[in-house]
Number of protein chains: 2
Amino acid sequence: MQPKIRIGIAGYGNLGRGVEMAVAQSPDMELVGVFTRRDPASVSLLSAQVPVYPQADISQFQDRIDVLILCGGSKDDLPVQGPAMAALFNTVDSFDTHATIPEYYAALDEAAKPAGKTALLSVGWDPGLFSLNRLYGEAILPVGETYTFWGKGLSQGHSDAVRRVPGVKAGVQYTIPAEPAIERVRSGELPQLTTREKHRRECYVVLAEGAEASEVEQAIVSMPHYFADYDTAVHFISEEELRRDHAAMPHGGVVIRSGTSGAGTTQVVEYTLKLGSNPEFTAAVLVAYARATWRLNQQGVVGAQTVLDVAPGLLSPKSPAELRKELL
Amino acid sequence: MQPKIRIGIAGYGNLGRGVEMAVAQSPDMELVGVFTRRDPASVSLLSAQVPVYPQADISQFQDRIDVLILCGGSKDDLPVQGPAMAALFNTVDSFDTHATIPEYYAALDEAAKPAGKTALLSVGWDPGLFSLNRLYGEAILPVGETYTFWGKGLSQGHSDAVRRVPGVKAGVQYTIPAEPAIERVRSGELPQLTTREKHRRECYVVLAEGAEASEVEQAIVSMPHYFADYDTAVHFISEEELRRDHAAMPHGGVVIRSGTSGAGTTQVVEYTLKLGSNPEFTAAVLVAYARATWRLNQQGVVGAQTVLDVAPGLLSPKSPAELRKELL
């Protein structure tokens, strides 16, 4: 029997908690500990068996962790923490600022390579599984178009934007893909779609005391970049309704490649996610790719890597022979 | 600029013709020739520029072909042709007899490895892209079930079975997935489904002169293995209708992984193909994987390989840096 893959978690928010859950579903892994910048005594895990350590002590764990899963945010945490940790550990992260991926890749590569470590970045579903499907789609059907729709799902960035509006006490925003647009894409007609045609937005808002609903609504729907280019509905609800009906973090979406082969034959490939919990699913993807990261490192593949570089078989605890027999 | 990847096609039926079309859509490839066991003069390609050679002469082309795409059948052609060609060329094939894949893999590996060649087997959509999705699904959501539905599509094996029934002059069979069953799977309820609940079958039959429709229908619907376990409808049509309405070879299907994360959160991943032409799409997959096969061989990865061993990025003509920038 192979020794278990020893996992560490850096950062314990929704994503870190999801990783703890996903490791518990993986018999070939064990969770060594959670590392936090908070007071460890203030962090309570789902499992009482797993210790919590100060992030500042993490360098003492180099011999005890095979892969460190970085659960911080892309904006403030990962740009600094990613390269620092990649010099000490094999790492996996969910860096999702699409525009700066090349720069982040370079920083990780520079840190990980000389240390003989493997740093797998931008793992999750977008970037991640959706990226894979965009790639498979255009490589197999080079003549065609790729469409990505997101939702129905809670968008963190847009929820934050709603909450910054004066008069808003609390609130959430859902991104909703437009079914008529998806149907047109599915039909193979290769439509040109505007931003407004692809998605609409729904906000559930708790008003601050004394705030005027119509003013708040107007401020939201006319907000540039976030809402002005979309059809946006604003619903006013109570704090209790917000807690009761909007605490889950569902998300999902679809990547469609519509292409033509031969003399104009329509071929459509569609990849859909319906996620009860966005952070738990992202965490599940991170954990499967942590397995692959450990194997890549064992094979001597070091430096920065992405999901595009990872052979699918490396994700599974099964042997290549089992996979050929059972899954091909 | 990289030199073009030089492709050969062995066998020119529907699949070989699809490969010719797909290579024409790939600017980084050129088609060296088609090899046939028929009289080359009797084979007319879509492009007049591509020469046709006797299969018997193929060993003279070892220095002129980078990857040979094998377009023969899994039953009679590939078990012999696969290993023979893998000793001479890098090869890609669509071997799809699921039960004997391990044996065929071993035969290819034994032939290809000492020759320093790469032999990629069982490429297409099932086995192939569906296999990948079964793998990603169970690796990411280890607690759950995987469901595969096929169709609506023309099934070659079942069409052959219909045509062997006495009194049948000609005919085709479509496999049709049951929408109510798919809806149950999508909902996350993890149903146990019988064969009859998953698919139904529709036959379009031209009667031979003097044949009795009711007898033919009874012989079809009661045929063990092929039809007895399904709800099967038999429609009698004219030869002209068969030619006019049933000449296309559409197919498709869906792989669904329904799993739970954390404390029972439902997560559903769905991969759907709607194919205007089964052979043209299978050919498109073969051609993308021919690119990967050539690169693997250049990297020194020799012997038998499957889609599970191929990093997604190897399928694309774009560079890793371009892929990271554009697709992640």
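The values are calculated or read from the model by the stated rules, or taken from the named source; none is laboratory data. Here the structure is a predicted model, which is why all the values come from computation and not from measurement. Note that we place each Cβ from the backbone using ideal geometry, even for glycine, and neighbour counts take in every protein chain shown. The area values use the complete protein model at the heavy-atom level, side chains included, leaving out ligands, DNA and RNA. Shrake-Rupley method; radii C 1.70, N 1.55, O 1.52, S 1.80 Å.
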B:R164 - would you say it is without any contact (Cβ under 8 Å) to a residue 12 or more places away in the chain, among the charged types (D, E, K, R) and either within 14 Å of chain A (Cβ to nearest Cβ) or open to solvent by 10 Å² or more (accessible area, probe 1.4 Å) (or both)? yes
Tell me yes or no: at least one residue of the stretch A:68-84 is among the β-branched types (V, I, T) and without any contact (Cβ under 8 Å) to a residue 12 or more places away in the chain. yes
Check the stretch A:48-65 and report whether any residue there is of a type outside the set (S, T, Y) and within 14 Å of chain B (Cβ to nearest Cβ). no
All positions within the stretch A:29-41 that are of a type outside the set (G, A, S) and either away from chain B (no Cβ under 14 Å) or open to solvent by 40 Å² or more (accessible area, probe 1.4 Å) (or both): A:E30, A:L31, A:V32, A:V34, A:F35, A:T36, A:R37, A:R38, A:D39, A:P40
For the stretch B:176-202, which positions are touching a Phe, Trp or Tyr at 6+ places or on another chain (Cβ under 7 Å) and either hydrophobic (A, V, I, L, M, F, W, C) or closer than 17 Å to B:G144 by Cβ (or both)? B:I182, B:V185
Anything in the stretch A:95-108 that is in contact with a helix residue (DSSP H, G or I) (Cβ under 8 Å, 6 or more places away or on another chain), in contact (Cβ under 8 Å) with a residue 40 or more places away in the chain and open to solvent by 20 Å² or more (accessible area, probe 1.4 Å)? List them, or say none. A:Y105
Where in the stretch A:211-328 are the helices (runs of 4 or more DSSP H), entirely inside, with at least 3 residues that are free of Cβ contacts under 8 Å to residues at least 24 places away in the same chain, away from chain B (no Cβ under 14 Å) and crowded, with 19+ Cβ neighbours inside 10 Å? none
Examine the stretch B:96-112 for a residue that is in a loop (DSSP other than H, G, I, E, B) and of a type outside the set (A, V, I, L, M, F, W, C), and state whether such a residue exists. yes
Near pairs, Cβ below 7 angstrom, 6+ apart or cross-chain, from the stretch B:37-64 (hydrophobic (A, V, I, L, M, F, W, C)) to any residue that is open to solvent by 90 Å² or more (accessible area, probe 1.4 Å) and in a loop (DSSP other than H, G, I, E, B): none
Looking at (1) modelled with pLDDT of 95 or more; (2) open to solvent by 30 Å² or more (accessible area, probe 1.4 Å); (3) of a type outside the set (G, A, S), find the lone condition where B:Q173 falls short. (2)
Regarding B:S74, is this residue of a type in the set (S, T, N, Q), within 14 Å of chain A (Cβ to nearest Cβ) and buried (at least 24 other Cβ atoms within 10 Å of the Cβ)? no
Scanning the stretch B:124-142 for residues that are in a loop (DSSP other than H, G, I, E, B) and at the interface with chain A (Cβ under 10 Å from one of its Cβ atoms), which turns out most open to solvent (accessible area, probe 1.4 Å)? B:P142
Residue that is within 30 Å of A:A304 (Cα to Cα), without any contact (Cβ under 8 Å) to a residue 40 or more places away in the chain and touching a Leu at 6+ places or on another chain (Cβ under 6 Å), where the choices are A:A119, A:A139, A:A181, A:A111: A:A139
Of the criteria (1) among the acidic types (D, E); (2) closer than 23 Å to A:M223 by Cα; (3) more than 24 Å from the chain's Cα centre (by Cα), which one A:E183 fails: (2)
A:G116 - would you say it is surrounded by 21 or more Cβ atoms within 10 Å (Cβ to Cβ) and either within 30 Å of B:A24 (Cα to Cα) or out of contact with any helix residue (DSSP H, G or I) (no Cβ under 7 Å at 6 or more places or on another chain) (or both)? no
Of all residues in the stretch A:176-208 being open to solvent by 80 Å² or more (accessible area, probe 1.4 Å) and in a loop (DSSP other than H, G, I, E, B), the one that is nearest to A:D231 (Cα to Cα): A:Q192
